[in-house]
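Remarks on the structure that follows.
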Amino acid sequence: MNLTLKIWRQKNATTKGKLQTYPISDVSPDMSFLEMLDVLNEELIEKGEEPVVFDHDCREGICGTCSLQINGEPHGPDRAITTCQLHMRMFKDGDTITIEPFRAAAFPVIKDLMVNRDSFERIQQAGGYVSVNTSGNTQDANSIPVQKNNADDAFDAATCIGCGACVAACKNASAMLFTAAKVSQFALLPQGKVEATRRVLAMVEQMDKEGFGNCTNTGACEIECPKGISLDNIARMNREYLSASMK
Amino acid sequence: MGGIFNSSIARKVAMALSGLFLVIFLLLHFIINFTSVFSADVFNEYSHFMGTNVLIQFLLQPILILGVILHFVLGFVLEYRNRSARPINYVRFNGSANSSWMSRNMIYSGLVILAFLGLHFYDFWIPEVVHKYIESHPDDPFRYYHETVAKFESPVRTGLYVLSFVLLSLHLYHGFSSSFQSMGWANKYAKGLRGFTVAYAILIPLGFIFIALYHYFNNV
Ligand code: HEM
Ligand code: SF4
Ligand code: FES
């Protein structure tokens, strides 16, 4: 396949960036999107140009590091995948592909396509944990009975890999789906109930403080989420938040 | 602590509650208007009651006006904050791949409704207040029907009303069910509720359109 790539190039956090056009030829449809970018970078390095900086780590859809807004959608046109799992066969010979960083005030660009997602870490640190004494005599988690459907919902919520596609897809750059997944995975389990009130208040407060937008309930996040995190989690977080506020 | 009044979720809940309040008012308004299609007398009777009852005039009407103001002012606040959350826009943003036009354009459908409310106040509310409280005309329980019908002689006004109801329908098509999500309602009834809200969003504005066109064509 021969393609035209329009890639966002930006020197650093403070300079202005712009889209730059790169033709690329002989792309195999079996390549992943990141492999295609690797090939481009090799060509750029051979020509003595700066390679394109982009995030990646596991390259198997579990770490959430790879990002990229591809043709106006996070992780590109395919569903329930990350960019490292996106294959070039999703595109046609002769296509022009626009590649931009995830855009949000709370995700500042570091360089080119790489953004800083520390704001997610700070939301998590605000309350996304359970306080357990780890002195060695910790009770086995399996000895606490959990209703099956709660266990399933908590597990589904816990599959969130913190990639930020929900923020990138949202017209409001809202982190509600991410925060809701992190709130839900604990709120549904007995171990998490202990700190539930404080947790949801603190995490939502941090989410607002980071400058994310809120929800218009467009549902874009759920559709673009590589792990299929459900909007029901947002409704649950809203419930948790309201009842916590009344306490 | 930011507190509940400074929280984005609380703002959304206020948006949802005010929106739902307006949805209920809209149904009442529709029922009263609809009587004008089959009986001038019934329409006059209801209108006279609404226009003269002290509780409605001096308690419910101010609550309604405050509700509208709260809703659209909060709508502007949310829009402003949500826009600030993405100061640099995408060059290419494919919103239609993952969300409905209605959900992405609530502010625009809302702005059309707001402009319509301006026209509606100019058409009915201001003349009514002037008639009753400023010029202090003697009570006339039979004036409402022909005053209302006369407004729909103009094709321009009728057209503007119809257009506004189309935008109202689009606003509610997303907004009505969205308000339940904002308040944390997600259970086994959510799907049925979604169906009900969609039916409401289509049928009630369509009913208003019917009434406007009915009087327009009766006039010509
Ligand atoms: C007066 C002009 C109006 C404006 C400017 C306006 C604006 C808005 C905006 C911007 C939203 C989306 C907020 C968000 O981002 O989540 C919204 C939601 C909503 N609006 Fe309006 N609106 C208006 C009138 C109305 C009317 C007349 C009704 C009902 C008859 C209504 C019912 C709703 C409902 C139910 C929602 C959903 C709330 C939610 O998502 O929780 N609006 N409105
Ligand atoms: S909710 Fe989905 S899209 Fe958002 S961070 Fe988690 S895995 Fe990524
Ligand atoms: S690189 Fe780990 S999910 Fe894509």
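The values are calculated or read from the model by the stated rules, or taken from the named source; none is laboratory data. Just so we're clear, the structure is a prediction, and the values are computed from it rather than from any experiment. Using ideal geometry, Cβ is built from the backbone for each residue, glycine included, and neighbour counts are taken over all protein chains shown. These area figures cover heavy atoms from the full protein model, side chains too; ligands, DNA and RNA do not enter into them. Shrake-Rupley method; radii C 1.70, N 1.55, O 1.52, S 1.80 Å.
Does residue A:173 qualify as being in the same structural domain as residue A:231 (by TED's automatic domain parsing), under 26 Å from residue A:78 (Cβ atoms), more than 16 Å from ligand 1 (Cβ to nearest atom) and open to solvent by less than 40 Å² (accessible area, probe 1.4 Å)? Talk me through it step by step, then tell me what you get.
Values: in the same structural domain as residue A:231 (by TED's automatic domain parsing): yes; under 26 Å from residue A:78 (Cβ atoms): yes; more than 16 Å from ligand 1 (Cβ to nearest atom): no; open to solvent by less than 40 Å² (accessible area, probe 1.4 Å): yes.
So residue A:173 fails the test.
On the basis of being assigned to a loop (DSSP other than H, G, I, E, B), outside the structural domain of residue A:164 (by TED's automatic domain parsing), surrounded by 15 or more Cβ atoms within 10 Å (Cβ to Cβ) and hydroxyl-bearing (Ser, Thr, Tyr), does residue A:65 make the cut? Spelling it out, residue A:65 is indeed assigned to a loop (DSSP other than H, G, I, E, B), outside the structural domain of residue A:164 (by TED's automatic domain parsing), surrounded by 15 or more Cβ atoms within 10 Å (Cβ to Cβ) and hydroxyl-bearing (Ser, Thr, Tyr). The residue of the stretch A:81-98 that is farthest from residue A:14 (Cα to Cα), among those that are within 15 Å of ligand 3 (Cβ to nearest atom) and touching a helix residue (DSSP H, G or I) at 6+ places or on another chain (Cβ under 9 Å), is A:87.
Exactly one residue out of B:15, B:50 is open to solvent by 30 Å² or more (accessible area, probe 1.4 Å), over 30 Å from residue B:147 (Cβ atoms) and in a helix (DSSP H, G or I), and it is B:15. Kindly check whether there is at least one residue in the stretch A:225-233 that is at the interface with chain B (Cβ under 9 Å from one of its Cβ atoms), out of contact with any Pro (no Cβ under 8 Å at 6 or more places or on another chain) and not polar (S, T, N, Q). Checking the stretch A:225-233: at least one residue is at the interface with chain B (Cβ under 9 Å from one of its Cβ atoms), out of contact with any Pro (no Cβ under 8 Å at 6 or more places or on another chain) and not polar (S, T, N, Q). Annotation note: of B:96, B:164, B:103, the sole residue that is assigned to a helix (DSSP H, G or I), under 18 Å from residue B:197 (Cα atoms) and modelled with pLDDT of 95 or more is B:103.
Quick one: is residue B:27 surrounded by fewer than 18 Cβ atoms within 10 Å (Cβ to Cβ) and over 28 Å from residue B:150 (Cβ atoms)? Spelling it out, it is not the case that residue B:27 is surrounded by fewer than 18 Cβ atoms within 10 Å (Cβ to Cβ) and over 28 Å from residue B:150 (Cβ atoms). Can you tell me which residues in the stretch B:75-85 are surrounded by 17 or more Cβ atoms within 10 Å (Cβ to Cβ), more than 16 Å from the chain's Cα centre (by Cα) and more than 16 Å from ligand 2 (Cβ to nearest atom)? Those that are surrounded by 17 or more Cβ atoms within 10 Å (Cβ to Cβ), more than 16 Å from the chain's Cα centre (by Cα) and more than 16 Å from ligand 2 (Cβ to nearest atom): B:78, B:79, B:81, B:82.
Only one of these is at pLDDT 95 or above, within 13 Å of ligand 2 (Cβ to nearest atom) and open to solvent by 10 Å² or more (accessible area, probe 1.4 Å): A:79, A:89, A:122. Name it.
Selected residue: A:79, the only one of A:79, A:89, A:122 that is at pLDDT 95 or above, within 13 Å of ligand 2 (Cβ to nearest atom) and open to solvent by 10 Å² or more (accessible area, probe 1.4 Å).
In summary, residue B:90 fulfils each of the numbered conditions (1) in contact (Cβ under 8 Å) with a residue 12 or more places away in the chain; (2) within 14 Å of chain A (Cβ to nearest Cβ); (3) of a type outside the set (A, V, I, L, M) with the single exception of condition (1).
For the criterion of being open to solvent by 70 Å² or more (accessible area, probe 1.4 Å) and modelled with pLDDT of 95 or more, residue B:72 fails.
The residues of the stretch A:99-125 that are more than 10 Å from chain B (Cβ to nearest Cβ) and within 15 Å of ligand 3 (Cβ to nearest atom), listed by number, are A:113, A:114, A:115, A:117, A:120. So for the stretch A:190-203 (the condition being out of contact with any strand residue (DSSP E or B) (no Cβ under 8 Å at 6 or more places or on another chain), within 8 Å of another protein chain (Cβ to nearest Cβ), more than 16 Å from ligand 2 (Cβ to nearest atom) and closer than 28 Å to residue B:176 by Cβ), does at least one residue qualify? No; the residues of the stretch A:190-203 include none that is out of contact with any strand residue (DSSP E or B) (no Cβ under 8 Å at 6 or more places or on another chain), within 8 Å of another protein chain (Cβ to nearest Cβ), more than 16 Å from ligand 2 (Cβ to nearest atom) and closer than 28 Å to residue B:176 by Cβ.
Would you pick out the residues in the stretch A:8-26 that are out of contact with any helix residue (DSSP H, G or I) (no Cβ under 8 Å at 6 or more places or on another chain), assigned to a strand (DSSP E or B) and open to solvent by less than 60 Å² (accessible area, probe 1.4 Å)?
Initial filter on the stretch A:8-26 (out of contact with any helix residue (DSSP H, G or I) (no Cβ under 8 Å at 6 or more places or on another chain)): A:8-21, A:23, A:25-26.
From what's left, assigned to a strand (DSSP E or B): A:8-9, A:18-21, A:23.
A:8, A:9, A:19, listed by residue number.
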